[in-house]
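This report refers to the structure that appears directly beneath it.
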Amino acid sequence: MKKSGFRLGIYVFKDAEVIDYAAPYGVFSVARRLDPELDVFLVADSLRPVQTQAGLTVVPNYSFAEEPDMDAFLIPGGFGTRQDNA
């Protein structure tokens, strides 16, 4: 069943850059004060805690297996997204 309001899923993965997922999460959290139907949440490969950049560990709200309703999906930068230029 589709939930109401705009829903942003943010992918968290090993070594994801903290500012790249935390800043959009924070912006949506503040915007929710004006529109309570906005929703933002973390999505990962599983529901296990994920160690992101600098050792910050977060717990996702959903796994991909749960197929959460999303209107948009944000993939942050991070070590795992960079190509080796060696």
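The values are calculated or read from the model by the stated rules, or taken from the named source; none is laboratory data. Treat the numbers as computed from the prediction; the structure is a model and nothing was measured. Quick reminder, even Gly has a Cβ in these numbers, built from the backbone with ideal geometry, and neighbours come from all protein chains shown. These accessible areas exclude ligands, DNA and RNA; they are computed on the full protein's heavy atoms, side chains included. Shrake-Rupley method; radii C 1.70, N 1.55, O 1.52, S 1.80 Å.
Does region 68-82 contain any residue that is of a type in the set (K, R) and over 20 Å from G5 (Cα atoms)? Don't jump to the end; show me each part of the working.
Applying the first criterion (of a type in the set (K, R)) to region 68-82 yields 82.
Still in the list and also over 20 Å from G5 (Cα atoms): 82.
For region 68-82, residues of a type in the set (K, R) and over 20 Å from G5 (Cα atoms): present.
Looking at D35, D69, which one is touching a Lys or Arg at 6+ places or on another chain (Cβ under 9 Å), in a loop (DSSP other than H, G, I, E, B) and more than 20 Å from F79 (Cβ to Cβ)?
Values: D35 fails: touching a Lys or Arg at 6+ places or on another chain (Cβ under 9 Å).
Being touching a Lys or Arg at 6+ places or on another chain (Cβ under 9 Å), in a loop (DSSP other than H, G, I, E, B) and more than 20 Å from F79 (Cβ to Cβ) holds for just one of D35, D69, which is D69.
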- [ ] Search region 31-59 for residues that are without any contact (Cβ under 8 Å) to a residue 12 or more places away in the chain and pair each with any residue that is outside any strand (DSSP E or B) and of a type outside the set (D, E, K, R) when their beta-carbon atoms are under 6 Å apart and the residues are at least 6 apart or on different chains.
- [x] A31/L38; R32/L38; P49/V59; T57/P49
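If a residue must be part of a helix (DSSP H, G or I) and farther than 20 Å from L38 by Cβ, how many such residues does region 4-27 contain?
Going through region 4-27, the residues part of a helix (DSSP H, G or I) turn out to be 18-27.
Next cut, farther than 20 Å from L38 by Cβ only: 18-19.
Looking only at that region, the number is 2.
Is it true that L42 is touching a Pro at 6+ places or on another chain (Cβ under 9 Å), at pLDDT 95 or above and open to solvent by 80 Å² or more (accessible area, probe 1.4 Å)?
Values: touching a Pro at 6+ places or on another chain (Cβ under 9 Å): yes; at pLDDT 95 or above: yes; open to solvent by 80 Å² or more (accessible area, probe 1.4 Å): no.
Taking the combined requirement at face value, the residue does not satisfy it.
Could you check region 38-50 and list, in sequence order, the residues that are in a loop (DSSP other than H, G, I, E, B) and farther than 14 Å from I75 by Cβ?
The first filter runs over region 38-50 and keeps only residues in a loop (DSSP other than H, G, I, E, B), leaving 38, 45-49.
Those that are in a loop (DSSP other than H, G, I, E, B) and farther than 14 Å from I75 by Cβ: L38, S46, L47, R48, P49.
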